[in-house]
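**Student:** I'd like to ask you about the structure that follows.
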Amino acid sequence: MNTLVTRGIQALMVAVLIGAATFAMMRALPGDAAYRIAAGRYGYDNVDTAAADAVRDELGLDGPALPALLHWLGDLLRLDFGNSLVSGQPVIAEIGHQLGASLSLAAVAVVLSLIMGPPLGILAGLRPGGLLDRGLLVVSTGLKAVPQFLMALILILILSVQFRLLPAAGYGAARHFILPALALALGLAAVNARIARDAMARIGAMPFYSFAQWKGLSRRQALLHHGLRNVSVPLLTYLGLQFVTLVEGVVVVEAIFGWPGIGHALVHAIFSRDVPMVQGTALCLGLGFVLINTAIDLLTARIDPRRAA
Amino acid sequence: MTLLKADDITVAQGGTPILHPVSLHLEPGEPLVILGETGSGKSLLAQAIMGTLPRDLAARGRVVLGDHLLDAARPEGFRPLWGRQIAVLPQEPWLSLDPLMRAGRQVTEAHHLVRGLGTQDARAQAATDLDRLGLAHADTRYPHELSGGMAQRVAIAAARAGGAGIVIADEPTKGLDAARRDEVADLLLAELARGGGLLVITHDLALARRIGGRMIVLRAGRVVETGPTAAVMAVPTQAYTRDLIAADPENWPARSRRPAGAPVLTATRLAAGRGGVRLFSDLSFDLSAGRILGVTGPSGCGKSTLGDVVLGLAPPAAGRVNRSAGLAPTAFQKLYQDPVAAFPRHRTLGRTLADVAHRHGQPRDRIDTLLPRLGLNPVLLTRTPGGVSGGELQRLALLRLLLVRPRFIFADEPTSRLDPITQKQVIDLLRDTAAAEGCAIMLVSHDPELVARTADHVLSLAPAKTGGDLSGQAVKRAGGLG
């Protein structure tokens with residue numbers, strides 16, 4: 001119960017901070033917002049001073065900053081995210097539309113990373129210093145060192161351009177998932193594997209793990225009955241933190257693969273100075289972080305009774 | 001019929017022998033005790049017999065277990081016997097239970113997976129086992145909800161669930177007080193009475209005495225003496241065994257009370273807490289030069305906090321400490337539990353000590369005068385802390401204190417990391433220091449015997465209770481001291 005109250009307060013603070021920060025950052029960007037918004041609405045070729053002035057007058061962009069921010073916060077309290085400056089549609093409808101696409105991509109990426117990373121990490125952790133352990137260290141460090149946009153390009157070059165196995169972009173069919181999800185998952189799995197490896201090596205060296213085998217359990221039984229459960233706690237905790245990496249990756253990867261998700265929308269909203277869209281999207285991602293971590297807190301408290309106390 | 005027979009067991013590390021050939025046999029109903037200090041190789045011997053040695057150590061020798069013939073050089077061969085023939089009791093029961101699994105399940109799974117009972121039968125058998133050990137209510141608890149004694153009994157039930165007849169207990173009483181130690185000994189004997197064999201590895205003489213049976217005394221990887229436990233302990237034939245037995249605080253001669261010197265400090269109605277928990281209150285005592293005040297109590301009862309308050313390192317929550325007028329703040333000193341942590345690691349000891357002497361305006365030859373008095377070889381000064389033994393380092397720590405010419409020393413568990421013989425040397429030195437330097441000493445220890453035979457007065461602190469108030473603990477005279 002305490003967790004929920006703390007997390008609720010956190011969510012509120014996250015909302016206010018994100019709103020204020022995105023607002024300030026959008027105001028601080030160089031260039032005339034009116035021209036950018038006009039370009040977003042009518043296309044770059046159709047922008048002239050008259051169109052920009054019309055936008056400026058309509059949206060009151062010359063007005064002072066503070067009332068505009070307070071107005072946004074007030075609307076937020078009524079769960080009104082405002083309308084997109086470009087499309088004129090309610091922000092909440094636009095986000096709702098894109099969130100589904102992003103969530104499905106993120107979910108596939110997380111599942112893929114969990115299939116690749118932790119099993120290898122656990123196998124490596126069972127024999128610290130072994131061949132697999134040293135090999136995994138090299139591979140995971142290498143994968144983690146490759147930025148996500150580069151990873152995406154490499155995958156496109158190899159699998160789409162060279163071997164023509166998969167489409168380089170697109171949305172709708174299952175095969176469209178593979179490349180963007182893989183680009184995200186490889187980076188996640190690289191770190192997952194390290195966390196699982198360290199946890200397994202630490203738990204394997206604990207007295208209770210030896211004692212489980214002294215009771216007569218085989219290596220396999222000790223791993224299944226005592227190892228996995230104990231490894232899952234740090235792994236789950238870390239999964240919550242990985243959400244940040246995931247969001248960062250979603251923004252980049254969606255832009256590259258033309259995935260119609262929230263990250264893609266965020267990039268476009270920033271280009272066309274669509275402040276309510278930027279605020280709404282950032283808020284959505286921030287609250288998502290709080291939500292995911294709350295869920296993980298509750299889950300680890302169920303697995304690990306010492307945390308519940 | 002012999003249950004277990006081990007012939008010429010040796011252990012080597014990279015070609016260097018660290019355990020010389022030892023042979024032993026375990027008979028039904030007759031416990032075997034392996035006694036030795038830290039580093040004597042007693043745990044290595046047990047691990048070689050169980051096939052649980054660390055990977056960088058190589059064992060040799062032959063082990064006969066029932067109708068199994070095993071080669072100590074091939075530890076994999078022992079694995080099928082774990083839980084089925086040999087039950088291994090871990091050193092620290094709390095750390096030996098899976099923290100995320102309920103106690104009952106940890107016993108059930110051994111019945112199910114090792115003995116091969118069905119799920120229902122395994123659960124019923126585990127419940128019977130726990131009930132027999134007086135743990136019926138612990139079935140659904142997690143290890144962190146068990147006391148140390150309960151965890152120990154759960155571990156015994158789990159270790160024996162596979163049907164093993166031979167119990168091997170490695171330091172089963174590490175860090176336990178006297179009452180708990182006897183409890184564990186009785187528990188092991190009760191298991192023995194149910195049939196099978198018992199091998200106990202320990203440095204604890206009181207445990208060895210209580211377990212009885214036969215005994216092997218090890219020192220530096222070699223057998224010093226063997227024989228019936230009672231006989232070895234009553235009439236040791238070897239000098240080392242005699243020293244070891246004499247070093248047991250229970251066998252220390254009671255010391256005569258010395259006259260009190262000038263008063264050093266007076267504490268009046270002291271109270272202190274830590275993290276919102278009241279540790280002690282209404283504590284009054286005074287200390288004079290040459291006197292030793294012993295402080296005992298379970299861990300977490302506020303012994304170290306009391307020291308901080310008396311030394312002026314922490315303010316009391318109530319009451320006051322009066323230090324005698326005219327004494328410099330540096331006249332109040334502390335001797336730390338872990339000497340290794342109390343010295344800069346990469347400096348030679350001579351350099352560290354010379355710095356202290358210089359800082360406090362003491363002549364250099366004071367170090368040279370103190371060295372022989374503390375039984376220290378001057379050659380140690382050229383080494384770094386890692387190059388001397390724990391006992392030597394603790395004596396050097398005492399020397400460093402004496403350079404400052406203290407009038408009061410707070411000695412916080414100064415021997416808890418030392419083996420019995422070294423412990424006796426250090427405590428003797430502390431007593432001599434109190435007399436020769438005219439120091440008042442506050443000696444903290446979890447061992448009531450040690451305190452009773454060393455201190456002039458004893459202060460027993462009760463365990464801290466959350467939320468509850470603590471009544472004052474009166475200073476009482478140590479029993480049996482004239």
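The values are calculated or read from the model by the stated rules, or taken from the named source; none is laboratory data. The structure presented is a predicted model; accordingly, all values stated were derived computationally and were not measured. We place every Cβ from the backbone using ideal geometry, glycine too, and count neighbours over all the protein chains shown.
**Student:** Collect the residues in the stretch B:63-89 that are surrounded by 20 or more Cβ atoms within 10 Å (Cβ to Cβ), more than 14 Å from B:Gln47 (Cα to Cα) and either of a type in the set (S, T, N, Q) or at the interface with chain A (Cβ under 8 Å from one of its Cβ atoms) (or both), keeping them in residue-number order.
**Tutor:** B:Gly83, B:Gln85, listed by residue number.
**Student:** Here's something else I'd like to know. Is it true that B:Thr140 is away from chain A (no Cβ under 12 Å) and β-branched (Val, Ile, Thr)?
**Tutor:** no
**Student:** Residue by residue through the stretch A:204-221, note down the ones that are surrounded by 23 or more Cβ atoms within 10 Å (Cβ to Cβ), assigned to a helix (DSSP H, G or I) and not aromatic (Phe, Trp, Tyr).
**Tutor:** Within the stretch A:204-221, A:Ala212 is the sole residue that qualifies.
**Student:** Related question: Return yes or no: is A:Ser218 within 14 Å of another protein chain (Cβ to nearest Cβ) and of a type in the set (Ser, Thr, Tyr)?
**Tutor:** Taking the combined requirement at face value, the residue satisfies it.
**Student:** Every residue in the stretch B:196-233 that is buried (at least 18 other Cβ atoms within 10 Å of the Cβ), among the β-branched types (Val, Ile, Thr) and either over 20 Å from the mean Cα position of the chain (by Cα) or in a strand (DSSP E or B) (or both), please.
**Tutor:** Result: B:Val200, B:Ile201, B:Thr202, B:Ile216, B:Val217, B:Val223, B:Val224, B:Thr229, B:Val232.
**Student:** Out of B:Leu130, B:Leu189, report the one residue that is surrounded by 15 or more Cβ atoms within 10 Å (Cβ to Cβ), closer than 30 Å to B:Lys424 by Cβ and in contact with a Gly (Cβ under 9 Å, 6 or more places away or on another chain).
**Tutor:** Answer to the check: B:Leu189.
**Student:** Ok, one more. Between B:Arg400, B:Arg395, B:Arg407, which is modelled with pLDDT of 90 or more, surrounded by 21 or more Cβ atoms within 10 Å (Cβ to Cβ) and either among the small types (Gly, Ala, Ser) or closer than 26 Å to B:Ala247 by Cα (or both)?
**Tutor:** B:Arg400
**Student:** Further question: From the list B:Pro253, B:Pro236, exactly one residue is part of a loop (DSSP other than H, G, I, E, B) and buried (at least 17 other Cβ atoms within 10 Å of the Cβ). Which is it?
**Tutor:** Of B:Pro253, B:Pro236, the one residue that is part of a loop (DSSP other than H, G, I, E, B) and buried (at least 17 other Cβ atoms within 10 Å of the Cβ) is B:Pro236.
**Student:** Right, another one. Condition first: crowded, with 21+ Cβ neighbours inside 10 Å, under 11 Å from the mean Cα position of the chain (by Cα) and of a type in the set (Gly, Ala, Ser). Can you find one or more residues in the stretch A:233-244 that meet it?
**Tutor:** No.
**Student:** Filter the stretch A:155-186 down to the residues that are part of a helix (DSSP H, G or I) and touching a Gly at 6+ places or on another chain (Cβ under 6 Å), then identify the one that is farthest from A:Glu254 (Cα to Cα).
**Tutor:** Only one residue tops the list, namely A:His176.
**Student:** One residue is enough: does the stretch A:134-145 have a residue meeting the conditions surrounded by 21 or more Cβ atoms within 10 Å (Cβ to Cβ) and assigned by TED's automatic domain parsing to the domain that holds A:Gln279?
**Tutor:** The answer is yes; a qualifying residue exists.
**Student:** Continuing with the same structure: Residues A:Gly280, A:Gly227: which one is over 17 Å from A:Arg7 (Cα atoms), modelled with pLDDT under 85 and buried (at least 19 other Cβ atoms within 10 Å of the Cβ)?
**Tutor:** A:Gly280
**Student:** So, of the residues in the stretch B:90-103 that are crowded, with 23+ Cβ neighbours inside 10 Å and either out of contact with any helix residue (DSSP H, G or I) (no Cβ under 6 Å at 6 or more places or on another chain) or more than 7 Å from chain A (Cβ to nearest Cβ) (or both), which turns out to be nearest to B:Ile9 (Cα to Cα)?
**Tutor:** B:Pro93
**Student:** What helices (runs of 4 or more DSSP H) completely inside the stretch B:282-386 contain at least 1 residues that are closer than 19 Å to B:His446 by Cβ and among the acidic types (Asp, Glu)?
**Tutor:** Where helices (runs of 4 or more DSSP H) fall fully within the stretch B:282-386 and carry at least 1 residues being closer than 19 Å to B:His446 by Cβ and among the acidic types (Asp, Glu), they are B:303-311.
**Student:** Looking at B:Leu187 and the list (1) in a loop (DSSP other than H, G, I, E, B); (2) away from every other protein chain (no Cβ under 14 Å), which single condition is not satisfied?
**Tutor:** (1)
**Student:** Would it be correct to say that A:Asp274 is in contact (Cβ under 8 Å) with a residue 24 or more places away in the chain, surrounded by 24 or more Cβ atoms within 10 Å (Cβ to Cβ) and on the phi < 0 side of the Ramachandran plot?
**Tutor:** yes
**Student:** Kindly indicate the residue of the stretch B:104-125 that is more than 12 Å from every other protein chain (Cβ to nearest Cβ) and touching a residue at least 24 places away in the same chain (Cβ under 8 Å) and also surrounded by the most Cβ atoms within 10 Å (Cβ to Cβ) among those meeting that condition.
**Tutor:** B:Gly104
**Student:** Against the condition charged (D, E, K, R), surrounded by 12 or more Cβ atoms within 10 Å (Cβ to Cβ) and under 27 Å from the mean Cα position of the chain (by Cα), how does A:Arg27 come out, does it pass?
**Tutor:** Yes; evaluated as a whole, the condition is true for this residue.
**Student:** Something else now. Quickly run through the stretch B:410-424 and pick out the residues that are surrounded by fewer than 24 Cβ atoms within 10 Å (Cβ to Cβ) and under 15 Å from B:Arg453 (Cβ atoms).
**Tutor:** Result: B:Pro420, B:Gln423, B:Lys424.
**Student:** Applying the selection to the stretch A:82-102, what residues are crowded, with 19+ Cβ neighbours inside 10 Å and over 21 Å from the mean Cα position of the chain (by Cα)?
**Tutor:** Within the stretch A:82-102, A:Ser84, A:Leu85, A:Val86 qualify.
**Student:** When the residues of the stretch B:354-372 are narrowed to those that are touching a residue at least 40 places away in the same chain (Cβ under 8 Å) and of a type outside the set (A, V, I, L, M, F, W, C), which ends up farthest from B:Gln333 (Cα to Cα)?
**Tutor:** B:Gln362
**Student:** Here's another thing I want to ask about it. Check whether at least one residue in the stretch A:146-154 is under 21 Å from the mean Cα position of the chain (by Cα), at negative phi, outside any helix (DSSP H, G or I) and at pLDDT below 85, and report yes or no.
**Tutor:** Checked against the condition, which is being under 21 Å from the mean Cα position of the chain (by Cα), at negative phi, outside any helix (DSSP H, G or I) and at pLDDT below 85, the stretch A:146-154 yields no hits at all.
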